[in-house]
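The values are calculated or read from the model by the stated rules, or taken from the named source; none is laboratory data. Not measured: the values here are computed from a predicted model. In this analysis, Cβ positions are derived from the backbone assuming ideal geometry, glycine residues included, and neighbour counts consider all displayed protein chains.
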Amino acid sequence: MRVLVQRVKKAVLYVEGNLKGEIGKGMVVFVGVGKNDKEEDSIYLANKVYSLRIFEDSSGKMTYSLNQINGEIMIVSQFTLYGDCRKGNRPDFTKVEKSQIAFSLYKKFLEEMEKKEIKKIVSGEFGKRMLVEIHNDGPVTLIIESKNENKNN
């Protein structure tokens with residue numbers, strides 16, 4: 001599995017044109033599921049994202065995690081994280097997991113995050129067309145891959 005994490009000042013999520021929710025200071029996490037990913041990948045990434053120290057202290061050093069700043073989180077499924085653009089001009093999505101399995105692992109990621117002490121969680125709707133307004137703070141944007149990532153190549 002692969003996640004793209006953005007530290008944000010705020011973010012707003014629309015699903016198929018309708019306002020789904022918004023968050024203040026925190027992070028937006030895009031979740032991609034690749035072939036051969038397992039439930040343990042969802043658990044690993046949820047723990048990693050929750051513990052990720054990307055929020056600054058008074059000296060500007062990234063010291064604090066989401067929980068330590070009482071931050072909020074937006075979680076959105078994004079299969080395009082597995083788009084391979086090395087050949088040609090059209091992304092190749094053959095490394096993306098089938099929809100039913102991907103949904104299950106995305107849902108597991110959400111369930112794991114809901115177990116954590118997070119002020120507010122807003123989640124997208126799997127397989128739906130979404131618009132995400134992001135006020136990236138920094139900007140800070142990170143890609144994190146699960147331990148299983150090497151098996152996907």
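Worth pointing out:
- Residue check for V29: within 21 Å of K116 (Cα to Cα), surrounded by 14 or more Cβ atoms within 10 Å (Cβ to Cβ) and of a type in the set (A, V, I, L, M): yes
- In segment 48-60, residue farthest from E114 (Cα to Cα) [restricted to those that are of a type in the set (S, T, Y) and in a loop (DSSP other than H, G, I, E, B)]: S59
- A search for C-beta distances below 7 Å between a residue of segment 124-143 that is on the phi < 0 side of the Ramachandran plot and any residue that is of a type in the set (G, A, S) and modelled with pLDDT of 95 or more, counting only pairs 6+ apart in sequence or on different chains, returns G124/S77; F126/S77; M130/G124; V132/A11; E133/A11; I134/A11; H135/A11.
- Selection of strands (runs of 3 or more DSSP E) fully inside segment 61-153 by the criterion of at least 2 residues being of a type in the set (S, T, Y), at pLDDT 95 or above and surrounded by 12 or more Cβ atoms within 10 Å (Cβ to Cβ) returns 62-64.
- Meets criteria (under 18 Å from E125 (Cα atoms) and either touching a helix residue (DSSP H, G or I) at 6+ places or on another chain (Cβ under 9 Å) or of a type in the set (K, R) (or both)) for S104: yes
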